[in-house]
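Report on one structure; see the data block that follows.
The values are calculated or read from the model by the stated rules, or taken from the named source; none is laboratory data. Source: prediction; values computed, not measured. A quick note on method: Cβ atoms are made from the backbone with ideal geometry, for glycine too, and the neighbour counts reach across all protein chains shown.
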């Protein structure tokens, strides 16, 4: 019998990725697979580089679970349980899931056997691992907090531009030391903003023309974001701030960034903390406090003037528009201030020139008012005409009726009863000493796998019947829904439009000669033989 094996490996930080620590895991697992006499296919190597074990949303793990659900694996090799997941509950969930599918999970540093003692040991190790992780994180947090309150700069990240970080020694604490050459650049930037009242964009242009290297020293083309962060950093007036941000649960994005996976490597997001909660640490000052405050007032004045110029401009489709050529997102651009033009443009991010990057795309910009009107008309058309929704619901009901055969269900129930009787007889035989443990364990395992598979099919049948009743109820309400929607869409607010579009539109693709509007599909969508649903296929293409 051909045994199909797979491996899973994971490291949780970019530093571990760069240090190639995952290579040691792969070598150890591959050596174990070879020693067990199995052949490992390349497509069955599932690797998550830089993903935290405190979340299950990892691309390689998701792919592994999909492959396992299709009964394509017999054995899974993992270096240790904490590589599979950091939380005990997640470990238990995954191991139980693989076990029900008949997959034997092998940990290199933890010999597992199918008995209560082995399961208990795994559970205890998982709980201890989770406890140790939580304890280390809490100790680190409280240690940094205490050090910050004592005025230590060791808890801060890299020293800001204009400073050099001096490591602590046996005789002295760590500290910031002013870099004279870079400090002059900082003073020059503050002077321009405070005395000449120029914008940040003008300041970056001056720095670029002077050929002054950026903080990374990889280029002389300065970025507006870099200069803005420098102007807002209180360290330059003599007090560095600790705790300016905090971690919060991961915020969902409308779409992933270009070239990035939909599953983020970081299970949390950063959120700004109010200034009154910051912990201030004394450091050498580069600019006077009065000059720093003047710059803050000027930045606030610039922000107000920019907001006044943009008054009345609304980018309804922000975060949904992408370029069909280079896959960069389209950004809303300010309108031209002219009596005859009150509209803006959506501009492809690939057409912009940044530091260390030339223009990557030549796709055209598109007027915001025309695109927003086009998208809203299509959304209204979908809501006002229940034909599309009704057709989709009827297609789903037809598929459910075809797949939910009562006779097949009766066969499944009969098979389930037969397997339960076989398991009971096998247990009785083992209890009475008719068969030995060596013969009992593999036979009971096979019967339980078959029973689990039948139970899964019965559960799917039950879910399909419930969904079928729900869909029939929805069809009866479609006409009523469409009638009420037609009246309300005439007086809908801008924010409501935005919410409706985000709920129904998946993305808007801008091509060279056309615009494609791709609508979302409900989570319970049943796919056709082509693998796509009716609504997902329904893209509105318009020549521009």
**OP:** Test residue 130 against the criterion of being farther than 24 Å from residue 233 by Cβ, in a helix (DSSP H, G or I) and either touching a strand residue (DSSP E or B) at 6+ places or on another chain (Cβ under 8 Å) or at pLDDT below 90 (or both), and give yes or no.
**Re:** yes
**OP:** Would you mind telling me which numbered condition in (1) surrounded by fewer than 16 Cβ atoms within 10 Å (Cβ to Cβ); (2) at pLDDT below 65; (3) in contact with a helix residue (DSSP H, G or I) (Cβ under 6 Å, 6 or more places away or on another chain); (4) over 27 Å from residue 507 (Cβ atoms) residue 390 fails?
**Re:** (4)
**OP:** Answer yes or no as to whether residue 220 is closer than 30 Å to residue 152 by Cα and modelled with pLDDT under 90.
**Re:** no
**OP:** Could you list, in sequence order, all residues of the stretch 200-226 that are in contact (Cβ under 8 Å) with a residue 40 or more places away in the chain, surrounded by fewer than 16 Cβ atoms within 10 Å (Cβ to Cβ) and not in a loop (DSSP other than H, G, I, E, B)?
**Re:** none
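Take residue 46 and tell me if it is in a helix (DSSP H, G or I) and touching a strand residue (DSSP E or B) at 6+ places or on another chain (Cβ under 9 Å). I'd like the intermediate steps shown before the answer.
Working: in a helix (DSSP H, G or I): no; touching a strand residue (DSSP E or B) at 6+ places or on another chain (Cβ under 9 Å): yes.
Considered against the rule, which asks whether it is in a helix (DSSP H, G or I) and touching a strand residue (DSSP E or B) at 6+ places or on another chain (Cβ under 9 Å), residue 46 comes out as no.
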Original post:
Which of the residues belonging to the stretch 286-297 are touching a helix residue (DSSP H, G or I) at 6+ places or on another chain (Cβ under 6 Å) and either crowded, with 16+ Cβ neighbours inside 10 Å or more than 21 Å from residue 176 (Cβ to Cβ) (or both)?
Top reply: 286, 287, 291, 292, 294, 295
Subject >> All positions within the stretch 298-318 that are in contact with a helix residue (DSSP H, G or I) (Cβ under 9 Å, 6 or more places away or on another chain), part of a loop (DSSP other than H, G, I, E, B) and at pLDDT below 80 >> reply: 313, 314
Subject >> Qualifying positions in the stretch 155-186 - surrounded by 15 or more Cβ atoms within 10 Å (Cβ to Cβ) and assigned to a helix (DSSP H, G or I) >> reply: 155, 182, 183, 185, 186
